[in-house]
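First comes the structure, then the notes that go with it.
The values are calculated or read from the model by the stated rules, or taken from the named source; none is laboratory data. Since the model is a prediction, treat every value here as computed from it, not as a measurement. Positions of Cβ are generated from backbone atoms using ideal geometry, with glycine treated the same way; all protein chains shown enter the neighbour counts. Each accessible area value is taken on the protein alone, full model and side chains, heavy atoms only, with ligands, DNA and RNA left out. Shrake-Rupley method; radii C 1.70, N 1.55, O 1.52, S 1.80 Å.
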Amino acid sequence: MEHKVLEDVARNIRISVVKEIHAAGSGHPGGSLSAADIVAALYFDEMNIDPGNPKMEGRDRFVLSKGHAGPVQYAALAERGFFPKKDLESLRKIGSKLQGHPDLRKVPGVEMSTGSLGQGFGAAVGMAMANKLDGNTGRVYVVLGDGELQEGIVWEAAMSAAHYKLDNLVAIVDWNGLQIDGPNDEVMAVKPVDKKFAAFGWNVTVIAGHNFEQIRGAFAAARNCKGKPTAIVAKTCKGKGVSFMENNAAWHGKAPNDEEAKQALLELGGEW
Amino acid sequence: MEKMATRQAYGKALVEFGAKYSNLVVMDADLSKSTMTAEFGKAYPERFFNMGIAEQNMYAVAAGLAISGKTVCASTFAMFATGRAFEIIRNSIGYTKANVKICATHAGITVGEDGASHQTFEDIALMRTIPGMTVINPSDGVSAKILLERAIELDGPVYMRLGRAAVPVFYKEDAELEIGKGSCIRDGKDVTVIATGIMVGKALEAASVLAEKGVDARVVDMHTIKPLDKEMIVKAARETRGIVTAEEHSVIGGLGSAVAEAVVSSCPVKMAFIGQRDVFGESGKPDELLAKYAMDVSDIVRAAEGLL
């Protein structure tokens, strides 16, 4: 697949993210936009999935442990054909399948209900263990936020994944450096992320999280790593693609108003 | 009378069910010799996962295993399962309706010598507030095994409360016990004692003492606290003059509260509540503690007499 194709997919996902959150009137654009390229590469290139059969035997699984970035997962699922793109307008509205944070019981393609940070990572470890137990070659991909790494359960999960040699598990840290209250370094330093995972027994790569060559290269390398889970520490930009949201913690959990949404879509090449 | 701890019955039953249910996976958090899951680990090492002293992650991983199709029994002490990992159980197991059986041992004051940090009186209250969570508290070794199998066959989250101390076995192996159906183990017309867990044995003893005093007490083993057998409770409220609840749990939020909720909305009747009275426990022998904290046979007798 050409990188260009993925770039277009990621752009469409970003456009959907802005539209979804604008329509909802609340939500988390910053961390959805920072993870868009990683999520695009997973859903359109890396993972073995079937939108027509979301529960396909032997499929790869994706867990969005940073569940507040639900809009980026919903956008990717719709873009991939798991449900109509029109449904994205219902985000966070009463009766919608698109809850504020993903619900596996409601959305085709969502493998784990997340939102309370750290738990999706543990669940992903369980899924990888189940696959090993069953001789199932499906792989498990879990995306974590950098602020999320402050949760103690993350390191319990990291320890257990290495202990059980889960080389079918890949954790991608969306390292945009910002969380609700400000920069990680000010709130509660999480650095050095790469060394922490390495110390916990993981195979670690640090990549530029908006560079498809590096993203795909890291996934390919993870497949070749045996006996250890892989952590991909992806340096990203919070709010990536929308100038006034980029690197601004204020856009962690705020919806754009009409004018801001219009401007964001203009920058992304989407239609208002 | 034969005595056996419900945790002992649990450990033994797991080994048997491991053969019968090939999908069964067992987890523990470094307490497998105490929770008795170690026997399963020996018999089925590939289906046993020790997660170390990390209860939160154990229950999150259990959710992932269950969502991938496994039936999971994940054990540790009741304090750490329901207390420390509450929010993981709520969000990753309850909300997802994951097929995880939280089989927690060493519940209540009969943990004994370990003292207050290990004696949980809050677990039933916590677990029964989670939508869709089945809450089971077996009274003896035989019913623990029967109800464990029912729990394994039920698709969804279950909290099973098990004890450390050996308690009398009074059920026969062919007893017909169903989740959500109370078991009336002694009929009586004057007063009803609705008990759960190890307090059922104490309630039976209390009924014998009451009989000597000319009081005909009914004893119900309410092994399932959720879903609650309201029918049996209302029947007791109608047919006897009062209800005593007995549990090795706080009087706040547990069996007593659940029974009171059922009674006040359909057939109000006088009640008395035997349980931990909003205080922490302390070290001591189980029997000494039950006596000191007013959860003994004599306390049930006095409470029943107070309703007549």
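Here are some notes:
- Residue list for segment B:289-307, restricted to those being within 21 Å of the chain's Cα centre (by Cα), farther than 17 Å from B:Leu255 by Cβ and free of Cβ contacts under 8 Å to residues at least 60 places away in the same chain: B:Ala291
- Boolean, B:Ala19 is in a helix (DSSP H, G or I) and over 22 Å from the mean Cα position of the chain (by Cα): yes
- For segment B:109-130, the criterion of being in contact with a Cys (Cβ under 7 Å, 6 or more places away or on another chain) and buried (at least 24 other Cβ atoms within 10 Å of the Cβ) is met by no residue.
- From the list B:Gly83, B:Gly52, the lone residue that is surrounded by fewer than 24 Cβ atoms within 10 Å (Cβ to Cβ) and closer than 16 Å to B:Val135 by Cα is B:Gly83.
- Residue check for A:Ser26: of a type in the set (S, T, N, Q), under 20 Å from A:Ala249 (Cα atoms) and under 11 Å from the mean Cα position of the chain (by Cα): no
- Every residue from segment A:228-253 that is open to solvent by 30 Å² or more (accessible area, probe 1.4 Å) and assigned to a loop (DSSP other than H, G, I, E, B): A:Lys228, A:Lys240, A:Ser243, A:Phe244, A:Glu246, A:Asn247, A:Asn248, A:Gly253
- Among the conditions (1) within 10 Å of another protein chain (Cβ to nearest Cβ); (2) closer than 20 Å to B:Pro157 by Cβ; (3) of a type in the set (A, V, I, L, M, F, W, C), the only one that B:Phe17 does not satisfy is (1).
- Count - residues of segment B:211-228 that are buried (at least 23 other Cβ atoms within 10 Å of the Cβ) and either without any contact (Cβ under 8 Å) to a residue 24 or more places away in the chain or part of a loop (DSSP other than H, G, I, E, B) (or both): 2
- For B:Asp140, the conditions (1) surrounded by 22 or more Cβ atoms within 10 Å (Cβ to Cβ); (2) touching a His at 6+ places or on another chain (Cβ under 7 Å) all hold with the exception of (2).
- In segment B:37-156, counting only strands (runs of 3 or more DSSP E) that sit wholly within it, the ones holding 2 or more residues that are within 14 Å of chain A (Cβ to nearest Cβ), under 19 Å from the mean Cα position of the chain (by Cα) and not hydroxyl-bearing (Ser, Thr, Tyr) span B:71-77.
- When segment A:234-264 is filtered for residues that are within 24 Å of A:Gly122 (Cα to Cα) and touching a Ser or Thr at 6+ places or on another chain (Cβ under 7 Å), only A:Thr236 remains.
- Condition met for B:Arg7 (under 28 Å from B:Ala246 (Cα atoms), within 10 Å of chain A (Cβ to nearest Cβ), touching a residue at least 40 places away in the same chain (Cβ under 8 Å) and under 19 Å from the mean Cα position of the chain (by Cα)): no
- Boolean, B:Asp190 is farther than 24 Å from B:Thr110 by Cα and either of a type in the set (Lys, Arg) or touching a helix residue (DSSP H, G or I) at 6+ places or on another chain (Cβ under 9 Å) (or both): yes
- Looking only at segment B:290-308, residues that are under 16 Å from B:Ala211 (Cβ atoms) and not hydrophobic (A, V, I, L, M, F, W, C) come to 3 in all.
Residue-wise test of (1) surrounded by fewer than 22 Cβ atoms within 10 Å (Cβ to Cβ); (2) closer than 11 Å to A:Asp146 by Cβ.
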{"site": "A:Val170", "(1), (2)": "no, no"}
{"site": "A:Asp181", "(1), (2)": "yes, no"}
{"site": "A:Glu186", "(1), (2)": "yes, no"}
{"site": "A:Val193", "(1), (2)": "yes, yes"}
{"site": "A:Phe197", "(1), (2)": "no, no"}
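- Top-ranked residue of segment B:171-210 - restricted to ones that are of a type in the set (S, T, N, Q) and not in a loop (DSSP other than H, G, I, E, B), ranked as surrounded by the fewest Cβ atoms within 10 Å (Cβ to Cβ): B:Ser208
- Only one of the numbered conditions (1) within 13 Å of another protein chain (Cβ to nearest Cβ); (2) open to solvent by 10 Å² or more (accessible area, probe 1.4 Å); (3) without any contact (Cβ under 8 Å) to a residue 12 or more places away in the chain is not met by A:Gly95, and that is (1).
- Taking the criterion of being free of Cβ contacts under 8 Å to residues at least 40 places away in the same chain, under 17 Å from B:Val200 (Cβ atoms) and out of contact with any Gly (no Cβ under 9 Å at 6 or more places or on another chain), the only residue of segment B:151-172 that qualifies is B:Lys172.
- A:Ala75 satisfies every condition listed in (1) touching a Pro at 6+ places or on another chain (Cβ under 8 Å); (2) within 28 Å of A:Ile180 (Cα to Cα) except (1).
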